[in-house]
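This report refers to the structure that appears directly beneath it.
Just so it is clear, none of the values below were taken in a lab; they were calculated from the coordinates. Model, not experiment: these values are computed from the prediction. Here the Cβ positions follow ideal geometry from the backbone for every residue, glycine too, while neighbour counts run over all protein chains shown.
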Ligand code: PDD
């Protein structure tokens, strides 16, 4: 039985209850965050908290996430996850319980805070080395996807389209630009140049994206943050996704068209190796220059 956190309490999941008047339930009025712990050590928790603070400020939800690192640690302990290779904690904060109106409740309302932990099973290296398929899907999201809103219906529909097509990932396309995945950021490699969409209002500013950019620079790869035309991604040498629950995932075909050699490329592999080494707790700056 798993133990979850709800509004200041740790309790068995079966006993966790929220009101049907919660604005998260009625209006998707809230934000969420997913962070990973490697053998019990959270990866870049400060960046996750920064992104939460940004979202909460944009939505004018009065909640200070300062206590969450302790909540996260305790969730791992309570659920026996302190020593597993990878675990994740999901947390969401909604505006709270109030009669349904489109505008904010007039008086102060306590935000609802819910969190749970689970084990993350990394794919075998053999599976990873075979690579994965993806498809392109129109990006039907709103224009503030830099806020990690719990309103994820377009993402859900995009990911389901991928599942229906027998693909692992969906590439969201807006105005001819391949912006990101349904729940991860997209990178393309041309020669040795690593390219990803700029951190604008059109993508979520992924913590993994930021880390992989640092790793790429550390490994001496040229890095560009620019929009990728959808035609460009078909002719990229390599494509991969990054995310907390994606880590670094290679795509070897898009819409049935082979990418590069049709296999996992050397830049993606080098970045994944550096990522695995980095999150396993190697000293900061673990990515060493290529010989
Ligand atoms: N998704 N882009 C989107 C649309 C996302 O939903 C996510 C994360 C990312 C990657 O961000 P990060 O590297 O900080 O995880 C990019 C989470 C994991 C989810 O929805 O479960």
Kindly work out what percent of the DSSP beta bridges joining two residues of the chain are antiparallel, to the nearest 5. 80
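Can you tell me the FRET efficiency between residue 129 and residue 231 if r is taken as the Cβ-Cβ distance and R0 is 22 Å, rounded to the nearest 0.05?
On the way: r = 28 Å, r/R0 = 1.25.
Efficiency for this residue pair is about 0.20.
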What ranking of 146, 67 emerges when the number of other C-beta atoms within 10 Å of each C-beta is taken as an exposure proxy, fewest first? 67, 146
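Among 11, 81, rank each residue by its count of other Cβ atoms within 10 Å, from fewest to most, as a rough exposure measure.
On the way: 11 14, 81 21.
Listed from fewest to most nearby Cβ atoms, that is 11, 81.
One quarter of the convex hull surface, Cα atoms only: what value does that give for the range 141-241 in nm²?
On the way: hull surface 25.3 nm².
Directional mean of the projected Cα hull area for the range 141-241 stands at 6.3 nm².
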Which residue, 247, 225, 15, has the most motion in a Gaussian network model of the chain that connects Cα atoms within less than 10 Å? 15
Relative to the longest principal Cα axis of the chain, at what angle does helix 207-218 sit, 0 to 90 degrees, rounded to 10? 30
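What are the semi-axes of the equivalent ellipsoid of the chain, taken as the square roots of 5 times the eigenvalues of the Cα gyration tensor, listed largest first and rounded to whole Å? Don't skip to the answer; put the middle values down first.
Values: eigenvalues 220, 104, 58 Å².
Output for the chain: semi-axes of 33, 23, 17 Å.
Once every DSSP H run of n ≥ 4 in the chain is given -39500 (n - 2.57) and the sum is divided by its residues, what mean residue ellipticity at 222 nm do you get, rounded to the nearest 500 deg cm²/dmol?
Value at 222 nm, helices only: -8000 deg cm²/dmol.
Fewest Cβ neighbours within 10 Å first, please rank 121, 171, 135, 150 accordingly. Please list the in-between numbers first.
Numbers: 121 9, 171 27, 135 21, 150 15.
Exposure proxy ranking, most exposed first: 121, 150, 135, 171.
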Under a point spin-label approximation (7 Å from Cα along Cα-to-Cβ), what is the residue 26-residue 122 distance to one decimal in nm? 4.5
Using Cα atoms only, what is the angle between the long axis of helix 68-78 and the major principal axis of the chain, expressed in degrees (0 to 90) to the nearest 10? 90
Can you check how the C-alpha radius of gyration of the range 1-64 compares to 2.2 N^0.38 Å, as a plain ratio? 1.31
Calculated FRET efficiency, residue 163 and residue 67, Cβ-Cβ r, R0 30 Å, to nearest 0.05? 0.25
